[in-house]
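See structure below.
The values are calculated or read from the model by the stated rules, or taken from the named source; none is laboratory data. None of these values were measured; they are calculated from a predicted model. Every residue, glycine as well, gets a Cβ built from its backbone with ideal geometry; the counts of neighbours run over all protein chains shown.
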Amino acid sequence: MEAALLIGYARVSTDDQTLDQQRTALKAIGCKRIFEEKVSGAKRDRPQLAALLDQLCPGDIVTVTRLDRLARSTRNLLDIAEQLDVAEAGLRSLAEPWADTTSPAGRMVLTIFAGIAEFERSLIHDRTSSGRAAAKAKGVRFGRPPALSAEQITVARKLINDGQSPRQVAQMLKVHTATL
């Protein structure tokens with residue numbers, strides 16, 4: 001069986017930032033391969049991260065200088081950690097030593113984070129639902145504003161009832177036929 005391979009991942013958000021500091025730190029701890037990209041962490045499409053995850057072997061350890069270089073949110077971190085778990089690979093952060101999934105303590109901390117993230121999502125959902133219900137009770141209308149005013153709808157109905165085609169009425173009101 002092959003020995004575990006330390007694989008680095010370095011990311012900066014903008015083209016004018018440099019990867020030098022991350023690259024140096026990752027090489028210093030023994031990363032044999034470093035995947036680098038200059039892309040915002042908020043972007044879903046991170047080709048180098050995808051390539052890294054696709055090439056993992058059991059026992060490999062993905063190493064980052066800081067967790068925010070790898071993930072854009074707790075949920076995103078947990079999703080990536082799950083992918084690493086499926087690949088039987090580990091995760092290490094140089095700045096956050098507690099985020100080391102190669103140890104039982106590190107896996108426990110990540111599990112606790114997963115529970116906190118789930119709880120947070122649940123609270124957000126509950127608050128959002130309550131807020132929507134309260135807003136609806138106050139008469140707030142959600143969604144796109146109506147394309148036609150009440151008067152325009154009345155005129156459209158009269159014209160259609162008087163024999164004009166919905167297509168003609170839609171053209172006259174400058175809306176799509178489906179709107180009528």
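Below is a table of values for the structure above.
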quantity	calculated
Selection within region 91-120 - crowded, with 16+ Cβ neighbours inside 10 Å and in contact with a Gly (Cβ under 7 Å, 6 or more places away or on another chain)	99, 100, 101
Test: residue in region 105-113 that is under 17 Å from residue 53 (Cβ atoms) and aliphatic (A, V, I, L, M)	yes
Selection within region 1-28 - more than 21 Å from residue 50 (Cα to Cα) and surrounded by 14 or more Cβ atoms within 10 Å (Cβ to Cβ)	25
Breaking point among (1) over 30 Å from residue 23 (Cβ atoms); (2) modelled with pLDDT under 90, for residue 155	(2)
Considering residues of region 37-56 that are out of contact with any Ser or Thr (no Cβ under 7 Å at 6 or more places or on another chain) and closer than 25 Å to residue 98 by Cβ only, the residue surrounded by the most Cβ atoms within 10 Å (Cβ to Cβ)	52
Condition met for residue 90 (at positive phi and in contact with a strand residue (DSSP E or B) (Cβ under 8 Å, 6 or more places away or on another chain))	no
Checking residue 152 against (1) in a loop (DSSP other than H, G, I, E, B); (2) more than 35 Å from the chain's Cα centre (by Cα), the condition it does not meet	(1)
Residue list for region 155-180, restricted to those being loosely packed, with under 12 Cβ neighbours inside 10 Å, not in a helix (DSSP H, G or I) and not acidic (Asp, Glu)	163, 165, 174, 176
Any chance residue 59 is closer than 24 Å to residue 107 by Cα, at pLDDT 95 or above and surrounded by 12 or more Cβ atoms within 10 Å (Cβ to Cβ)	no
So residue 128, is it among the β-branched types (Val, Ile, Thr) and over 26 Å from residue 13 (Cβ atoms)	yes
Odd one out for residue 107, checked against (1) under 23 Å from the mean Cα position of the chain (by Cα); (2) at pLDDT 90 or above	(2)
